[in-house]
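Structure first, then comments.
What follows draws every value from the coordinates through simple rules; no lab data is involved. Bear in mind the structure is a predicted one, so any value in this text is a computation, not a measurement. Cβ atoms come from the backbone with ideal geometry, glycine included; neighbour counts cover every protein chain shown.
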Amino acid sequence: MRAWPFEGREAELSMIDSAFTGPDVDAVVLTGPAGMGKTRLARQAVAALRCGRTAWVSATAAASKVPLSAVAGLMPDDARAVGALELIRATAAHVRSWGGRRQVAVGVDDAHLLDDASATLVAHLVTSHAAFVVMTFRIGEPVADGLVRLWKEGNARYIELPGLPEEVIDRLIDHEGPTNLDRRGRRRLHQTARGNPLALRELLHGSQPGGLLDLVSARLDRLEPATRYVVELVACGEPLAVPILEQLAGLPALIAAEDSGLIVVQRSGARAQARLDHPIYGEALRRLPVSRATRAYRALAQRLLATPLRRREDTMLAAVWQVEGGAISRPDLVRAGAWQAVGHADLSLAERLARAARAAEPTFEADRLLAEILAYRGHRAEALRVLAPTPPADIADRVPWAITRAEALYWAGDDAEAAHATLDYAGGHHAAEACRSWLLFFGARFRDAARVAAEVMDRTDADPRSIVWAAAAGTAANGFLGNLDLAEQMHCRGAELAIAHAAALPWATVEVDVGRCLAHLADGQPAAAEAIAAAGYRAALDGGAAMMLSGWALYGGLAAAARGHLAQADRLLAEATAGYEVNDTYRLARCCLAAHAAVAALRGDPAAPTFLARADDLAHPSDRFLHPWIHNWRAWNSYAQGNLAAAAAAATTAADLARAVCMPAVEAIALFDLVRLGARTDLTRLDAIEHNLAQLLAGTTRALASRDGGATLDAAAAELMDRGYDLHAAEVYTAAAHRHHRHGRPTRASLAEAAAAHLRTHHPTARTPLLLPPSLTTRLTPREREVVLLAAHHTSPEIAVRLQLAVPTVNNNLARAYAKLGITSRTDLRKLLRHAPTPAGSASPPRAAGGGDTA
């Protein structure tokens with residue numbers, strides 16, 4: 001079979017060359033259906049680029065089962081078996097040492113098949129300018145978020161390949177087609193291939209026309225048995241070391257398979273590896289009978305197990321191939337592979353390996369491993385069934401049993417005390433007490449959590465893992481209590497240990513940083529919390545851990561919501577919600593949805609009540625530390641619905657809950673939100689809160705209630721802005737501008753208005769009472785304002801239903817409001833309310849405030 005000429009892609013080749021030589025992008029993405037010539041074009045382009053060094057990465061379905069296997073050829077030869085983040089950083093530095101973006105080009109074929117960690121490395125090579133990347137992926141296939149961002153954020157040029165023009169198809173037919181092909185046969189080839197060169201090739205050399213996979217299957221069926229066996233081995237294990245292939249199938253069969261064009265052999269450093277020449281072959285081979293696939297995997301596992309298993313990826317390959325082959329002779333390696341998968345945050349693979357290891361060798365360690373992974377995945381009831389309800393006799397087994405079972409009990413049921421009682425079986429072991437500190441934190445027992453965490457950190461027998469756990473919990477708990485300095489001290493020690501033991505504790509840095517982010521958020525420092533979350537999100541992208549991305553998206557979304565950066569909060573919370581639909585280990589989906597409801601309400605999004613209803617459906621006592629926040633978010637949902645009384649009630653409940661569990665800054669914010677909602681707050685109670693944020697908000701409240709107070713409001717707004725409360729600051733600057741205008745200070749009024757306008761660029765769609773025209777907040781009674789806000793978008797009967805009033809009562813309130821405002825119609829009212837909230841719901845009565853919460 002002759003090689004085809006490179007035809008019909010000259011324009012795309014020129015685009016890639018221009019992208020490489022120009023300054024605008026650092027990558028090109030080629031996409032299209034299978035067989036459209038993406039790989040050929042990418043290879044041609046990479047080879048033609050004027051650079052000093054090129055490399056090629058071939059993603060495969062088989063390689064995607066083993067994190068970072070696809071990019072093993074880019075790794076330094078001395079790469080150690082450490083966590084994904086360290087390997088990614090080491091590999092990126094290795095590639096960068098070749099000369100950087102102007103001197104290095106990397107081709108990545110079938111990027112949609114990359115595992116998360118490999119995709120993260122590729123994205124990092126682009127964004128760090130370590131190399132120019134030309135990647136391909138099949139259109140319609142899911143692609144890792146980090147790669148999608150490359151072209152969405154302008155780092156890569158996106159090129160979707162069209163079918164080849166008819167004249168090019170004709171030239172290809174003439175190049176290799178039968179000489180006696182008539183016009184009808186040629187038209188059939190055009191119609192069936194539809195510009196797809198691979199389909200055309202298979203039509204010309206296959207026995208009959210049909211679907212692309214059927215054509216490939218027919219071609220595979222014509223291979224000699226030994227040659228097909230080589231192809232099957234490669235399909236199951238690609239990229240596969242050539243020595244293994246040669247030992248299993250023999251050199252003649254390997255040569256025949258390469259000559260067939262179905263596999264290619266490439267050299268990466270000192271390694272020679274075989275892979276399928278095109279993913280369409282893998283698609284066909286994945287329809288192998290189970291017995292044939294089992295035979296291939298079993299042979300690969302046996303061959304690998306006969307080696308010393310020195311390479312970083314060998315343990316994982318040995319685990320996966322044993323499981324796929326259905327014959328586990330080394331269950332210890334399968335368990336080790338499961339732990340590696342947990343370290344890579346690939347919990348689906350981890351569970352599969354753990355189940356297989358337990359079935360092959362049912363031991364306590366196998367039970368505990370599976371139970372822990374099931375708990376991570378949110379399958380808590382099954383985790384409890386897997387792990388024996390009685391403690392093991394051996395203390396070495398009893399400690400991990402107590403920790404795993406206590407976590408499963410806490411997150412599965414309503415009895416937190418049963419979880420703590422289970423930890424007692426560990427006899428005060430430092431690891432069990434570190435676990436207890438986290439459970440106490442989630443149960444909103446912050447003082448106890450901080451005390452237990454400090455005790456663990458003071459113990460001389462505590463290992464690094466226990467100290468990191470305790471540091472994370474203690475950092476968060478002290479932040480909630482308002483002890484931010486102590487929180488920072490705990491975080492500093494935990495972070496040092498996390499860095500020092502990164503290989504053994506791949507999640508440690510995430511754990512302590514989450515604690516710090518929550519501490520700043522609960523202490524009234526949303527700007528600092530947002531910065532921590534952003535850094536964590538970037539690190540999670542570097543590490544390729546999808547579940548960590550969901551967590552950082554949530555914390556970043558909460559910080560953005562607190563700041564009033566509504567568009568950013570909406571995006572991050574939507575991303576987190578999608579992630580928690582797949583895995584919600586710590587029942588954070590409820591928090592995510594409730595915060596999203598508040599953001600949607602402030603933006604006038606009609607989806608707000610739906611988000612809140614979904615959050616209420618997920619109510620569970622295990623997330624008690626979130627309850628004050630959830631009620632405060634409920635307040636803004638009620639406000640957007642036009643129910644100001646329900647909004648004030650929800651904010652009051654939020655303050656009461658925060659006070660009950662010692663969250664001073666959160667209590668102060670909830671009490672101040674009563675002012676922001678246009679209701680009365682308990683100023684004496686606000687004064688009594690021992691926290692600097694409470695003192696700031698108490699002074700702001702007094703200034704808002706006074707006839708002037710413009711200077712105080714200016715200073716308060718500036719301090720709120722320093723903390724990161726941009727929406728609050730915009731509201732207070734707006735009020736200050738009104739006071740300065742009223743008292744004849746136009747320059748100061750202009751300055752305040754300018755500051756408010758600048759802050760409003762972060763939340764242009766925000767709708768809160770303090771941003772309303774002053775006539776609405778000073779002339780109308782609360783009931784009149786409630787009716788007016790709804791009247792812009794609803795009829796009087798609809799308002800009556802929502803507020804449970806008689807229609808005449810609604811009309812009377814509306815008439816008085818019109819007279820006070822000097823308007824005569826809903827048209828006038830809508831003009832006046834150009835910044836007022838747009839009620840988010842329909843005409844049905846709103847849900848009762850507090851519904852569904854278990855606080």
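Just to verify a number: FRET efficiency for S18 and D170, C-beta to C-beta distance, R0 = 25 Å, to 0.05?
Efficiency computed from Cβ-Cβ geometry: 0.30.
Roughly speaking, what is the stretch gain from E417 to T307, that is 0.36 nm per residue apart minus the C-alpha to C-alpha distance, in nm to one decimal?
On the way: separation 110, 0.36 × 110 = 39.60 nm, distance 4.98 nm.
Once the chain is fully extended between E417 and T307, it gains 34.6 nm.
Taking the Cβ-Cβ separation of T363 and A270 as r and a Förster radius of 41 Å, what is the calculated FRET efficiency to the nearest 0.05?
On the way: r = 39 Å, r/R0 = 0.94.
Efficiency for this residue pair is about 0.60.
Can you tell me the length gained on complete extension of the stretch D682 to A578, counting 0.36 nm per residue apart and subtracting the Cα distance? It would help to have the intermediate numbers written out before the result.
Numbers: separation 104, 0.36 × 104 = 37.44 nm, distance 3.91 nm.
This chain segment gains 33.5 nm when fully extended.
Quick check on the exposure proxy: order K820, K38 from fewest to most C-beta atoms within 10 angstrom.
Working: K820 16, K38 29.
The most exposed by this proxy come first: K820, K38.
Rank-order 529-539, 389-399 by packing density, defined as the average count of other C-beta atoms within 10 Å over each peptide's residues, highest first.
Details: 529-539: 20.5, 389-399: 13.1.
Per-residue Cβ counts within 10 Å, averaged per peptide and sorted highest first, yield 529-539, 389-399.
Just to check I understand the Karplus step: with θ = phi - 60° and J = 6.51 cos²θ - 1.76 cosθ + 1.60, what whole-Hz values come out for the stretch 751-760, glycine and proline as x?
5, 5, 5, 5, 5, 5, 5, 4, 5, 5
Can you compute the FRET efficiency between R451 and D656 using 1/(1 + (r/R0)^6), with r the Cβ-Cβ distance and R0 = 25 Å? Round to the nearest 0.05. Numbers along the way, then the final one.
On the way: r = 24 Å, r/R0 = 0.97.
With a Förster radius of 25 Å, E is 0.55.
List the residues, sorted by chain then number, that are 5 or more residues from D277 or on another chain and whose placed amide H is less than 5 Å from its amide H.
Residues meeting the criterion, in which the H sits 1.01 Å from N, are I263, V264.
Determine, for C591, C51, C517, the number of other Cβ atoms within 10 Å of each Cβ, and report the residues in order from fewest to most.
Working: C591 26, C51 18, C517 30.
Fewest to most other Cβ atoms nearby, the residues stand as C51, C591, C517.
Reachable lysines from K38, Cα under 22 Å, same-chain residues fewer than 8 places away excluded?
In chain and number order, the partners are K152.
Given points 7 Å out from each Cα along the Cα-Cβ axis, report the R702 to R459 separation in nanometres with one decimal.
4.8 nm
How far apart, in nm, are two points set 7 Å out from the Cα along the Cα-to-Cβ line at C492 and at H94?
Placing both labels 7 Å along Cα→Cβ, they lie 3.7 nm apart.
Specify the inter-centroid distance of the stretch 371-408 and the stretch 598-652, based on alpha-carbon positions, in whole Å.
Taking the Cα centre of each part, the stretch 371-408 and the stretch 598-652 sit 35 Å apart.
Highest first, please rank the peptides 702-709, 116-123, 626-633, 809-816 by the mean number of other Cβ atoms sitting within 10 Å of their residues.
Values: 702-709: 15.0, 116-123: 27.9, 626-633: 25.4, 809-816: 17.5.
Packing proxy ranking, top to bottom: 116-123, 626-633, 809-816, 702-709.
Quick check: pseudo-label points 7 Å beyond the Cα along Cα→Cβ at R149 and T827, how many nm apart are they?
The modelled label-to-label distance comes out at 4.9 nm.
Would you mind ranking K152, K65 so that the residue whose beta carbon has the fewest other beta carbons within 10 Å leads the list? Intermediate results must be reported in sequence, preceding the final value.
Working: K152 11, K65 22.
Exposure proxy ranking, most exposed first: K152, K65.
Under 22 Å Cα to Cα from K820, which lysines show up? Leave out anything in the same chain fewer than 8 places away.
K831
Please work out how much length the chain gains when fully extended from R571 to H620, using 0.36 nm per residue of separation minus the C-alpha to C-alpha distance, in nm with one decimal. Working shown, then result.
Values: separation 49, 0.36 × 49 = 17.64 nm, distance 2.53 nm.
Between R571 and H620, full extension yields an extra 15.1 nm.
Starting from the amide H of G107, placed 1.01 Å from N in the peptide plane, find each other amide H under 5 Å away whose residue is 5 or more places distant or on another chain.
Close amide H contacts, sequence-distant or interchain: A55, W56, V57, V134.
Residue-wise, which Karplus ³J(HN,Hα) couplings in Hz belong to the stretch 564-572, taking 6.51 cos²θ - 1.76 cosθ + 1.60, θ = phi - 60°, and x for glycine or proline?
Calculated HN-Hα couplings, in order: x, 7, 6, 5, 5, 4, 4, 5, 5 Hz.
What whole-number distance in Å separates the alpha-carbon centres of the stretch 777-810 and the stretch 230-273?
Cα centroid of the stretch 777-810 versus Cα centroid of the stretch 230-273: 76 Å apart.
So how far, in whole Å, is the C-alpha centre of the stretch 566-595 from the one of the stretch 293-367?
Taking the Cα centre of the stretch 293-367 as reference, the centre of the stretch 566-595 is 33 Å away.
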